[in-house]
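Worksheet: one structure, shown below.
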Amino acid sequence: MAPGSALIPRHIDLSPGTEALRYCFALPARPESVAGARRLTRTRLDEWRLDADAHEAAVLIVSELVTNAVVHTASARVVCELRCLERRLRIAVQDQGHQPGGPKLCRTADDEHGRGLRLVDAMSSAWGSRDAGDGSGRIVWAELPHSTEQSC
């Protein structure tokens, strides 16, 4: 993979004097990978010392986004990226899906699908989706505010 793409580097330089923490991991698009995504996220956020509320919200959001990628796309793998910058944590999950329109937030309680996105919507300050720039799938992202014991 090219520098700046998934898995490298952990720290990225955004502008002179500005650095963001960045962590990426890829997992097979299988149901058992959801637990692995939660574990990897929890471990990294422990290292970054995010406050407890943001930490737990982020783990739940990663779990929901990876679950959606596994269940609703024909992907072989999913890539998750965590970025910590200026009191915001951005979570992005890329799958290899190509459905038109992307994920939809369902507002009805009896709809079997879409509950996970309602959780993401409630726990994040913003979320959305877009096609991956290289045509390799879709990226679903969410942001949430946080505080840390160290500067992110």
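The peptide list 116-122, 79-85, 46-52, put in order of mean Cβ contacts within 10 Å with the highest first, becomes 79-85, 116-122, 46-52.
Computed over neighbours whose Cβ is under 10 Å from that of Met123, the net charge equals -3, Lys and Arg +1, Asp and Glu -1. You can think of it this way: the chain between Ala35 and His98 has 20.2 nm of extra reach, that is 0.36 nm per residue less the Cα-Cα gap.
Taking amide H positions as modeled 1.01 Å from N, with prolines and chain starts lacking one, the residues under 5 Å from Ala132 and 5 or more places away or on another chain are Gly137, Arg138, Ile139. Near the amide H of Leu85, within less than 5 Å, lie the amide hydrogens of Arg90, all on another chain or at least 5 residues away, with H placed in the peptide plane. Size descriptor for the stretch 25-72, Kirkwood hydrodynamic radius: 10.9 Å (Cα pairs only, one decimal).
If the chain linking Arg118 and Ser147 were pulled fully straight, counting 0.36 nm for each residue of separation and taking away their Cα-Cα distance, it would gain 8.1 nm.
Compute the FRET efficiency between His72 and Glu47 as 1/(1 + (r/R0)^6), taking r as their Cβ-Cβ distance and R0 = 35 Å, and round to the nearest 0.05. The formula returns an efficiency of 0.70 here. Computed from phi, the 3J(HN,Hα) profile of the stretch 74-81 under the Karplus parametrisation 6.51, -1.76, 1.60 (θ = phi - 60°) reads 9, 7, 8, 8, 10, 10, 10, 10 Hz, with x in place of Gly and Pro.
Rule-based calculations on the coordinates, nothing more; no lab input. Treat the numbers as computed from the prediction; the structure is a model and nothing was measured. Positions of Cβ are backbone-derived with ideal geometry, glycine not excepted, and every protein chain shown enters the neighbour counts.
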